[in-house]
Amino acid sequence: MKRHQSRAYALMLVLFLFLLVTIVTAGLYSSYTEFTEDSDNQAPSTVVIAKGKDLRQLAGELYTQGIIKDPASFVFWVRLYGNAGKIKAGEYAIPPYASPMMVMKIIISAETVVRRVTFKEGMTSEQIIEELLNAYGLEGDVQEIPPNGTLMPNTYHYSLGDTRQSIVKRMAESMQKKTAEIWEKRAKNLPFSTLEEAITLASIVEKETSVASERPLIASVFVNRLRKGMRLQSDPTVIYAITDGKYDLKRKLLYKDLRVSHPYNTYTNYGIPPSPICNPGSESIEAVLNPADTDYLYFVANNKGGHSFSNNYRQHTNNVNKLRKKIKAKKDAAKTKNVQEKAKKTEVKPAPDAQKNVYPEIKPKPEIVK
C-alpha cells in the first residue's frame with residue numbers, strides 16, 4: 001500500500017515538474033520571441049541614457065517612449081545576456097521596427113548619435129563662439145574667445161554631452177596642424193616672413209571672394225602690391241576697422257570710410273594689418289602661400305559673382321566704369337519694369353457706353369412762335 005502511495009506521489013511530482021518546465025519553457029519561448037521579433041514602430045526614435053542610469057529606470061523610459069512593450073522582459077534578457085553593466089551613456093538612434101534585442105545591442109555599442117556643427121570660412125571667432133552656444137547637445141561655456149585666425153573653419157562632429165571647449169580645442173589644433181603643413185610647402189620670395197602674417201593676409205583674401213578659383217588670383221594681387229610697396233586697399237579691412245569685426249556693416253562703403261583712422265584700414269596704412277580680420281579656410285591660406293603667377297595689381301567685381309583683374313590703373317578704371325554701367329542698366333531696367341507694373345494696376349477701363357461710342361441724345365429746343 002505504502003509502495004503504491006510512494007509511486008503515486010513520485011508520479012505526481014514528475015507530472016508537476018513536467019508541467020512546470022513546460023509552462024516555464026513556453027513562457028521563456030514567448031518572451032524570447034517577443035524580445036527578438038521586430039516591433040511595430042514605424043518611425044525612428046532617439047533615446048538619451050544618462051550616466052549611471054539604472055537598467056530598470058531605462059527599461060521604464062523605453063516603455064514610456066513606446067520603444068519596447070515589456071520592461072520586465074527587457075530587463076530579464078539584458079541581464080541574461082550579461083549586458084546589464086555594458087550599457088553606455090549617450091544619445092542613441094533607434095531605427096523603425098527595431099526589436100528589443102536590437103535596442104539592447106544599440107545601447108551597449110557606444111555608437112551614439114553623431115551630430116555636427118559647421119563653421120563657414122570667414123567667420124570671426126566671436127561668431128564661431130555664438131554658433132557653438134546655439135548648438136544643441138553641447139555642454140559648458142567657452143573659457144575665452146580665441147583670437148581671429150586661430151580656429152579652422154570646417155564641419156565638426158560631436159556627441160550629446162560633449163563640451164563646447166572641446167570643439168574650440170579641436171578647431172585650434174586643426175588650424176595649427178594645417179597651417180604648419182602648408183607653410184612648409186610655401187613659395188619662395190614671399191613679401192612676408194611669418195606664418196602669422198600669412199594667416200592675416202589669407203583672412204583678407206577670404207573676405208574678398210567666395211569663388212575658390214579666384215583665391216590664388218586675389219592673393220597674387222596683394223602679394224604683387226606688397227612687393228611694389230603699394231597699399232593693399234582692401235574694402236573688408238575698412239569694414240573691420242569700422243565695426244571692429246563685431247557686426248555686419250549692412251550698408252555700402254562711403255568714400256569717407258576709406259579715410260577712417262584705424263590700424264586695420266589698408267587704404268591709409270601700408271603693409272599687412274596687425275592681425276587677422278577673420279578665420280580663413282585652408283584654401284585661402286594655401287592661396288597666399290602659393291599665389292598665382294600674375295602681374296595683376298587691381299581687381300573689381302564683374303557683376304557676375306566674380307572679379308575682373310588688371311595690371312594697370314587705366315584698365316582698372318575701365319573695368320570699374322563697365323561695372324557701374326552694368327549696375328545702372330540693371331537699376332534702370334528694374335525701374336522701368338516697376339513703372340510699367342504700376343501703370344497696369346492703375347489703368348482705368350472705359351465704361352461700356354464709352355466703348356460703344358454711345359452718347360446721350362441732345363434734344364433741340366422748341367421754337368418760340370411770336
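The values are calculated or read from the model by the stated rules, or taken from the named source; none is laboratory data. This one's a predicted model, so the numbers in the text were calculated from it and none came from an experiment. For neighbour counting, all protein chains shown are included, and Cβ atoms are generated from backbone atoms with ideal geometry for every residue, glycine included.
Yes or no, residue by residue, for (1) of a type in the set (A, V, I, L, M, F, W, C); (2) in a loop (DSSP other than H, G, I, E, B); (3) under 24 Å from the mean Cα position of the chain (by Cα); (4) surrounded by 14 or more Cβ atoms within 10 Å (Cβ to Cβ):
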site: Val75; (1), (2), (3), (4): yes, no, no, yes
site: Val78; (1), (2), (3), (4): yes, no, no, yes
site: Lys86; (1), (2), (3), (4): no, yes, no, no
site: Arg116; (1), (2), (3), (4): no, no, yes, no
Exercise. Restricting to the stretch 106-133, what's the tally of residues that are in contact with a strand residue (DSSP E or B) (Cβ under 9 Å, 6 or more places away or on another chain) and not small (Gly, Ala, Ser)?
Worked result: 13
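Each row is one residue, and each column tells you yes or no for (1) surrounded by 13 or more Cβ atoms within 10 Å (Cβ to Cβ); (2) modelled with pLDDT under 85; (3) closer than 19 Å to Pro100 by Cβ.
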{"residue": "Arg3", "(1), (2), (3)": "no, yes, no"}
{"residue": "Leu17", "(1), (2), (3)": "no, yes, no"}
{"residue": "Asp40", "(1), (2), (3)": "no, no, yes"}
{"residue": "Ile67", "(1), (2), (3)": "yes, no, yes"}
Problem set entry | Members of the stretch 310-339 found to be within 20 Å of Val221 (Cβ to Cβ) and not hydrophobic (A, V, I, L, M, F, W, C), listed by number | Ser310, Asn311, Asn312, Tyr313, Arg314, Gln315, His316, Thr317, Asn318, Asn319, Asn321, Lys322
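Working only within the stretch 42-65, note down all residues that are in a helix (DSSP H, G or I) and surrounded by 15 or more Cβ atoms within 10 Å (Cβ to Cβ).
The initial filter retains those residues of the stretch 42-65 that are in a helix (DSSP H, G or I), namely 55-64.
Answer for the stretch 42-65, where residues must be in a helix (DSSP H, G or I) and surrounded by 15 or more Cβ atoms within 10 Å (Cβ to Cβ): Leu55, Leu58, Ala59, Gly60, Glu61, Leu62, Tyr63.
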For this session: Could you grab me the full set of residues in the stretch 133-150 that are under 23 Å from Gly90 (Cβ atoms) and among the small types (Gly, Ala, Ser)?
Result: Ala135, Gly137, Gly140
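Sort out which residues of the stretch 126-153 are assigned to a loop (DSSP other than H, G, I, E, B) and either in contact (Cβ under 8 Å) with a residue 60 or more places away in the chain or in contact with a Gly (Cβ under 6 Å, 6 or more places away or on another chain) (or both), and write them in order of number. Please lay out each step first, then the result.
Taking the stretch 126-153 as the starting set, the residues that turn out to be assigned to a loop (DSSP other than H, G, I, E, B) are 135-138, 140-153.
Answer for the stretch 126-153, where residues must be assigned to a loop (DSSP other than H, G, I, E, B) and either in contact (Cβ under 8 Å) with a residue 60 or more places away in the chain or in contact with a Gly (Cβ under 6 Å, 6 or more places away or on another chain) (or both): Pro147, Asn148, Gly149, Thr150, Leu151, Met152, Pro153.
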